[in-house]
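Chemist: Attaching a single structure in structure tokens format; questions to follow.
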Amino acid sequence: QLTPNSTQIAAEAPYISVKMSANRSQAYQLKAIRFQNTARNILLQNENGPCPLLAAANALLLRGVIKLDPVCVRNGVASTDDVVNMLANRALTAGNRETANQTVASDSSHHAEYHLNEVLSLLPSLQHGMDVNPKFTSGPTGVEYTNNLATFDLLGVELVHGWLLDPQDIETVSGVESKTYNELIETVIHGNDAREAVQKLEAQLFEKEQILEEDVVPEGQETKTGDD
């Protein structure tokens, strides 16, 4: 959730520009709606599929924390560059506030600045989607923390997911525990590899047993050597 301070500092954001190649820039139609009795503009997807860039932008637009450029509103369309720069300025303001609040000036300030630059560099990639590694038993906010998640944190947007187990399914919950999606996939792969190894070993043992059975002389049968 956004705090009053995080909403307030959006108006103080200096303008920065994040350059993108022309072939990667896309356009998003705007839609005028009323949200909580207030006129808002939101961004529409230009094609189906995941777009965390628009999700973050629309969450902030609905809260009135950021505003689209008047030219975009007048034309009814915003480019990816417009959206990225709008979010970058929001992140920059939040990052500057975080840096200013650092009590240890040198190391902490430099770390915060590096973190901010890293987050800003990730913004353009959010138009193509992002990897989220959820935890199934840790609630809707239970995910592995990554740089992409740090981007949402810096923007003041809380990311939630619905990949949750029914807590009444005790057997499944006890098996999954606090593992993430990726950890569970690794468990499945290791299990499949182990099963294939066992099946291969069983086949080899069966083959050796067949060979031994062929080499055993039945009781009462003598092996003849030479002439009768």
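Any read-out appearing in this document is the output of simple, stated calculations on the displayed coordinates, not a laboratory observation. These numbers were taken from a predicted model, which means no experiment stands behind them. Quick reminder, even Gly has a Cβ in these numbers, built from the backbone with ideal geometry, and neighbours come from all protein chains shown.
Chemist: Pop a pseudo-label 7 angstrom from the Cα along the beta-carbon direction at both Val73 and Asn46 and give the gap in nm to one decimal.
Modeler: With each label point 7 Å from Cα toward Cβ, the separation is 2.3 nm.
Chemist: According to a simple spin-label model (label point 7 Å from Cα along Cα-to-Cβ), what is the distance in nm between Thr187 and Val160?
Modeler: 2.6
Chemist: Can you give me the convex hull volume of the Cα atoms of the stretch 144-216, divided per residue and expressed in Å³?
Modeler: Roughly 117 Å³ of hull volume per residue.
Chemist: Right, here's the next one. So between Ser121 and Asn37, what do we pick up on full extension, going 0.36 nm a residue minus the alpha carbon distance? If you can, show how the numbers build up before the last one.
Modeler: Working: separation 84, 0.36 × 84 = 30.24 nm, distance 3.55 nm.
26.7 nm is the gain from fully extending Ser121 to Asn37.
Chemist: Calculate the spin-label point distance for Thr146 paired with Asn133, positioning each point 7 Å from the Cα along the beta-carbon direction, and give it in nanometres.
Modeler: 0.8
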